[in-house]
Amino acid sequence: MFGKRVVVDSNVYISALVFGGTPRKILELAETGAYILITSDGIKIEVETVLSSKFGWSKARVAHACQKMWKVAEFVRPEYKLKIIKRDPSDNKILECAATSDAHFIITGDDDLLELNHFRNTEILNPRNFFEYLKLHGLQSSQN
């Protein structure tokens, strides 16, 4: 087990569930215990709402698709509100989750978050770079 605490942004969950690819591989690795998946109720609600409202998924389909992820995730309750991302304040919930959980990584496709590179002691990476990091540390075969 890797032992690193990782907050995955809502957009990566949604991409994984709707389109697959590298985001799906990253979440599958969480399910195997390759790293500790950290989330919050705010992230969960956003993922489920977008799958339902934007993609037209039924409540049952959303619940079924998200079941494994939420089961393996460690839920935290952010201790305070941050106002770091101004353009889209809802992105701050990702930083709040990372701060509360002492996360090592945030995985996101969001440009506002990626521009930060780091937040406190948390490295911010896109899914491809995080997947490469996992491969570099022997947590994923290079065949995937």
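The values are calculated or read from the model by the stated rules, or taken from the named source; none is laboratory data. A quick note: this is a predicted structure, and the numbers were derived from the prediction, not measured. When we count neighbours, we look across all protein chains shown, and the Cβ atoms used for this are built from the backbone with ideal geometry, even at glycine. When the accessible area is computed, the model is the full protein with side chains, heavy atoms only, and any ligands, DNA or RNA have been set aside. Shrake-Rupley method; radii C 1.70, N 1.55, O 1.52, S 1.80 Å.
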Percent of all Cα-Cα pairs per 10 Å bin for region 34-144, counting from 0 up to the last occupied bin, reads 13, 39, 37, 11, 0
Out-of-range pairs (alpha-carbon distance over 30 Å; input Lys81/Lys135; Lys83/Lys135; Lys25/Lys93; Lys59/Lys83) | Lys81/Lys135; Lys83/Lys135; Lys59/Lys83
Charge dipole (debye, nearest 20) of the chain; +1 at Cβ of Lys and Arg, -1 at Cβ of Asp and Glu = 320 debye
Give the cross-link partners of Lys86 among the lysines, using a straight C-alpha distance below 17 Å as the criterion and excluding same-chain residues fewer than 8 apart.
-> none
Net dipole in debye of region 64-144 [+1 Lys, Arg Cβ; -1 Asp, Glu Cβ; about Cα centre; nearest 20] = 220 debye
Helix-only [θ]222 nm of the chain, DSSP H runs n ≥ 4, -39500 (n - 2.57) each, per residue, nearest 500 | -14500 deg cm²/dmol
Taking 1 over the mean of 1/r across every pair of different Cα atoms in region 1-44, what Kirkwood radius in Å do you get?
-> 10.6 Å
Evaluate the charge dipole of region 38-96 about its Cα centre and quote only its size in Debye, nearest 20, assuming +1 on the Cβ of each Lys and Arg and -1 on the Cβ of each Asp and Glu.
-> 160 debye
Sorted by packing (mean other beta-carbon atoms within 10 Å per residue), highest first, where do 57-67, 28-38 land?
-> 28-38, 57-67
Of the accessible area of the chain, computed with a 1.4 Å probe and all protein chains kept, carbon and sulfur make up a percent value of 48 percent
